[in-house]
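Student: Would you mind keeping the following structure in view while I ask a few things?
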Amino acid sequence: MAVIPGDGTGPEVIAEGLKVLDAVSGKYGFQLSFHRYDLGGELYKKTGEALPDEVFESIKKCQAIYLGAIGHPDVPPGVLEKGILLRLRFELDQYVNLRPIKLYPGVEIPLKDKGSEDIDFVVVRENTEGLYAGAGGYLRRGTPHEVAIQESINTKMGVERCIRYAFDLCRRRNQAKKLTLCGKTNVLTYAFDLWKRTFKEVAQAYPDIETDYAHVDALCMWMIKNPERFDVIVTDNMFGDIITDLGAILQGGMGMAAGANINPEGISMFEPIGGSAPKYAGQNIVNPVASILAVQLMLDTLGETDAAEMIEKAVIKVLAQDLKGVAAGQMGYSTSEVGDLIVEFIIQSKVS
Ligand code: IPM
Ligand code: MN
């Protein structure tokens, strides 16, 4: 396994995830070896390189990647994001970005009348195309007549494989069995016409799954007003980025939100989605639960489902019984103490 702790608070939360991984691998009898890569802002400042090719070649030999966070206040925006995070996602063809939105019991959120029975859905975000593909350019840059074009690239193949993944996931989850396409067919008439037609075609093979469609703006409203209406949502890269930050707040905040960048046939990458939070770095106060839930997603994806379930049980217990809050500095415990509480529960539990 490749471990990229990254920038800011990344190393602190990854340390807690590795502690948990160590506890469950011992208990459930699988072995892992780790290769640590110190990529990020510091390396970039020293060498001018975000992801050296020989490092990438070495990462490609791993089975999975565990990533902390990328982003550094001294490096211009986009350099590390494109040079590391998006390069890994794109070149490893991790075409699904899977982001569960699940409110655990005992976690306080701003919506007082919604509980953990109402908020439990998964966003399947297309992860290699759309506005993120980098297509476009400038004309007359720096002049009063400057034109900047940023195009959304949507291929039939890319859209179809993502939608198919979402239908399969919806079937596997076996909950409401409802898949919602999130788009903007009333304005983005080309891109989301392709999405909608493909959605209909793929749906033919899944008669057991109920389908629904929502424009992204309306969907944001429903996410707050009636989050219980969602089971699985599938959407493009940009909308997926936006609605999963909203989703993070629905489950308590950035310290709770994990994501998987999935290539079903290749190397997948798992990360807390919150970013490097430079203002909290080095203080041992951020919430490591997102990072630990990223480990859960990793083990679930790799087929170690019992160990993954154990991690979720431990997280549920610690959230409901131990933590005072889920925001940085509000937990009543430090980052590493929260990791210790989760590990302690795992060690004391019986293997089922
Ligand atoms: C995310 C992040 C990234 C994205 C940034 C850091 C490039 O916001 O993983 O959601 O926009 O995809
Ligand atoms: Mn984002």
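Student: Pull up the stretch 228-261, narrow it to residues that are over 11 Å from Asn97 (Cβ atoms) and among the small types (Gly, Ala, Ser), then point me to the one that is farthest from ligand 1 (Cβ to nearest atom).
Tutor: Gly252
Student: Looking at the stretch 60-86, which of the residues that are in a helix (DSSP H, G or I) and over 16 Å from the mean Cα position of the chain (by Cα) is surrounded by the most Cβ atoms within 10 Å (Cβ to Cβ)?
Tutor: Leu80
Student: Restricting to the stretch 255-272, name every residue that is surrounded by fewer than 24 Cβ atoms within 10 Å (Cβ to Cβ) and either assigned to a loop (DSSP other than H, G, I, E, B) or not assigned by TED's automatic domain parsing to the domain that holds Asp300 (or both).
Tutor: Correct list: Asn263, Pro264, Glu265, Gly266, Ile267.
Student: Let me ask you something else. Determine whether Phe90 is in a helix (DSSP H, G or I), buried (at least 16 other Cβ atoms within 10 Å of the Cβ), touching a residue at least 24 places away in the same chain (Cβ under 8 Å) and more than 16 Å from ligand 1 (Cβ to nearest atom).
Tutor: Considered against the rule, which asks whether it is in a helix (DSSP H, G or I), buried (at least 16 other Cβ atoms within 10 Å of the Cβ), touching a residue at least 24 places away in the same chain (Cβ under 8 Å) and more than 16 Å from ligand 1 (Cβ to nearest atom), Phe90 comes out as no.
Student: Here's another thing I want to ask about it. Answer yes or no: is there a residue in the stretch 98-115 that is within 13 Å of ligand 1 (Cβ to nearest atom), surrounded by fewer than 14 Cβ atoms within 10 Å (Cβ to Cβ) and closer than 30 Å to Thr185 by Cα.
Tutor: no
Student: Would a scan of the stretch 280-289 turn up a residue that is at pLDDT 95 or above and in a helix (DSSP H, G or I)?
Tutor: yes
Student: Scan the stretch 146-165 and tell me whether some residue there is within 16 Å of ligand 2 (Cβ to nearest atom), in a strand (DSSP E or B) and of a type outside the set (Ser, Thr, Tyr).
Tutor: No, there is no match, as no residue in the stretch 146-165 is within 16 Å of ligand 2 (Cβ to nearest atom), in a strand (DSSP E or B) and of a type outside the set (Ser, Thr, Tyr).
Student: For the stretch 240-265, which positions are in contact (Cβ under 8 Å) with a residue 12 or more places away in the chain, more than 15 Å from ligand 2 (Cβ to nearest atom) and under 17 Å from Val124 (Cβ atoms)?
Tutor: Correct list: Ile262, Asn263, Pro264.
Student: Another question, if that's okay. Output the number of the condition that Gln204 fails; it satisfies all remaining conditions of (1) on the phi < 0 side of the Ramachandran plot; (2) in contact (Cβ under 8 Å) with a residue 12 or more places away in the chain.
Tutor: Only one criterion in (1) on the phi < 0 side of the Ramachandran plot; (2) in contact (Cβ under 8 Å) with a residue 12 or more places away in the chain is unmet by Gln204, namely (2).
Student: Look through the stretch 262-281, keep the residues that are β-branched (Val, Ile, Thr) and more than 9 Å from the chain's Cα centre (by Cα), and return whichever of them is farthest from ligand 1 (Cβ to nearest atom).
Tutor: Step by step, filter the stretch 262-281, then rank; the result is Ile267.
Student: Is it fair to say Ala205 is farther than 22 Å from Ala260 by Cα and in contact with a helix residue (DSSP H, G or I) (Cβ under 8 Å, 6 or more places away or on another chain)?
Tutor: Criteria met by Ala205.
Student: A follow-up question, please. Working only within the stretch 23-40, note down all residues that are in contact (Cβ under 8 Å) with a residue 40 or more places away in the chain and either over 24 Å from Val75 (Cα atoms) or part of a helix (DSSP H, G or I) (or both).
Tutor: Ala23, Val24, Ser25, Lys27, Tyr28, Phe30
Student: State whether one or more residues within the stretch 320-329 are surrounded by 16 or more Cβ atoms within 10 Å (Cβ to Cβ), assigned to a helix (DSSP H, G or I), touching a residue at least 12 places away in the same chain (Cβ under 8 Å) and more than 19 Å from the chain's Cα centre (by Cα).
Tutor: No, that holds for no residue.
The values are calculated or read from the model by the stated rules, or taken from the named source; none is laboratory data. Nothing here was measured: the structure is a model prediction, and the numbers come from that model. Cβ coordinates were reconstructed from backbone atoms using ideal geometry, including for glycine residues, and neighbour counts include every protein chain displayed.
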